[in-house]
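First the structure, in the form of structure tokens, and then the observations on it.
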Amino acid sequence: MRRYPVYLLIMMTFLTSCGDSSLTRTLPNVTGTTGEVLVVMDKFMWDGSPGKAVREYISPVLLGLPQPPEPAFTLLPIRPEGFRDLFVSHRNIIQVSTTPGLEKPVVTYTRNKWAETQLVVTVAAPDTASLAATIRENGEAIRRSINNAERERLTEWLTTSAGKERSILNAGDSKWDLVLPSGWKPDFNREGIMMISLETPSTTQSVMVSVTDRSTSRIGCVELADLTQRRMSDEVKGPDGGSFMVIEKNVPVSCRSFRRNETDYIEMRGLWTLEGGFMGGPFISYALIDSATARAVVVTGFVYAPKEEKRELLRQVEALMYTVKKRPE
């Protein structure tokens, strides 16, 4: 009898036992473009109250974007019988259905179901009326989950594009890293403040990072607006040099606080304009407090694209903003 080495027998046994196992199966990459959401729903529901709830509560018109209006996502409705082949690997999927006899509505979130980095949201309810109500009640949470999935994908893409490239901000004894993706260039980098931008013939995307001079125990919406306004006005000038960037007061800003990766954030979204000029566009600004120094770190991203849709440009800026990290001492 031929004698096989012990390690070879073990390997052959493992491959045989796992030949059809999910452990050896690799998922395909997601399909679709950034901001797209595939909605699997019967046509009568899409035309009725559940579809209306999806459009109004999951993908409402975004505030703080200049004309023309843009929804939060590009919705792609598809009937359940057509949900097969390449559709199952779409990046963001919402599956909506009624299940008679179901005791109460159910909303589930599944990652990597049929493709890598995929998000699948399933909404089921006993009837059409409760289904629409469930979508309305959970619309914001579903919207945020899709936004988070898109930001994670974009962050990975931007980080991979950057390789080891970083823009480093010195603020006293602290140093802060910002990923510097391919094509992005430093505008300035001084003690406590820096800015990088990506410019094309028709668009500008920028991210500015600053650290306050004084320590603080708390920062709220008013403080964030004041810090953002001051940084904008001091550092971002118009083409003529006599105009400067400000927060547009005639358009409502949104402000929220949240916790991410064990860090407390406060975030503001709105519209910037040029004082003494005719330019404008959307911006996002967030702040966190460095626990070691008690100084506030303010990160502001903005877009200028007068003839382009701005939603995905702003989403890219937002993803880049959240790559800001403090360097180990």
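Read-outs throughout are calculated quantities, based only on the coordinates presented, and are distinct from any laboratory measurement. Since the model is a prediction, treat every value here as computed from it, not as a measurement. We place every Cβ from the backbone using ideal geometry, glycine too, and count neighbours over all the protein chains shown.
Annotations
- Estimated inter-spin distance, ASP187 and VAL61, nm [label 7 Å along Cα→Cβ]: 2.9 nm
- Here the chain is treated with +1 on each Lys and Arg Cβ and -1 on each Asp and Glu Cβ, and its dipole about the Cα centre works out to around 800 debye.
- From the coordinates of this entry, Kirkwood radius over Cα pairs in Å is computed, and it appears in [x] 22.4; [y] 21.5; [z] 20.4 under the label [x].
- Extension reserve of the LEU27-ARG166 stretch, reckoned as 0.36 nm per residue once the Cα distance is removed: 46.9 nm
- Sorted by Cβ neighbour density within 10 Å, fewest at the top, the residues THR228, THR99: THR99, THR228
- Computed E for SER215/SER130 - FRET, C-beta separation, R0 51 angstrom, nearest 0.05: 0.50
- By the count of other C-beta atoms within 10 Å, a proxy for reagent exposure, ARG259, ARG327, ARG269 are ordered fewest to most as ARG259, ARG327, ARG269.
- In order through the range 204-217: 3J(HN,Hα) via Karplus (6.51 cos²θ - 1.76 cosθ + 1.60), integer Hz, x for Gly, Pro: 9, 10, 9, 10, 10, 10, 9, 10, 5, 6, 10, 7, 8, 9
- Most mobile of SER161, SER197, SER217 in a GNM of the chain (Cα contacts under 10 Å): SER217
- Per-residue ³J(HN,Hα) for the range 239-254, Karplus 6.51 cos²θ - 1.76 cosθ + 1.60, θ = phi - 60°, Hz, x for Gly and Pro: x, 7, x, x, 9, 8, 7, 9, 7, 5, 7, 8, 10, x, 9, 10
- Each of GLU137 and ASP264 was given a label point 7 Å from its Cα along the Cα-to-Cβ line. The distance between the two points is 3.0 nm.
- Tensor-based shape of the range 24-160 (alpha-carbon gyration tensor, a/c under 1.5 rounded, otherwise prolate or oblate): oblate
- Once backbone amide H atoms are built at 1.01 Å from N, ILE94 has LEU38, VAL39, VAL40, VAL121 as its partners under 5 Å, excluding neighbours fewer than 5 places away on the same chain.
- Highest mobility in the GNM of the chain, judged by mean-square fluctuation with C-alpha springs under 10 Å and restricted to GLY270, GLY172, GLY241, is found for GLY241.
- Inter-probe distance in nm under a simple model that places probes 7 Å from Cα toward Cβ, at LEU102 and ARG79: 2.1 nm
- Each part gets one Cα centre, and for the range 124-182 versus the range 19-98 those centres are 17 Å apart.
- Which of ASP177, ASP240, ASP290, ASP234 has the fewest Cβ neighbours within 10 Å, and the rest in rising order: ASP240, ASP234, ASP177, ASP290
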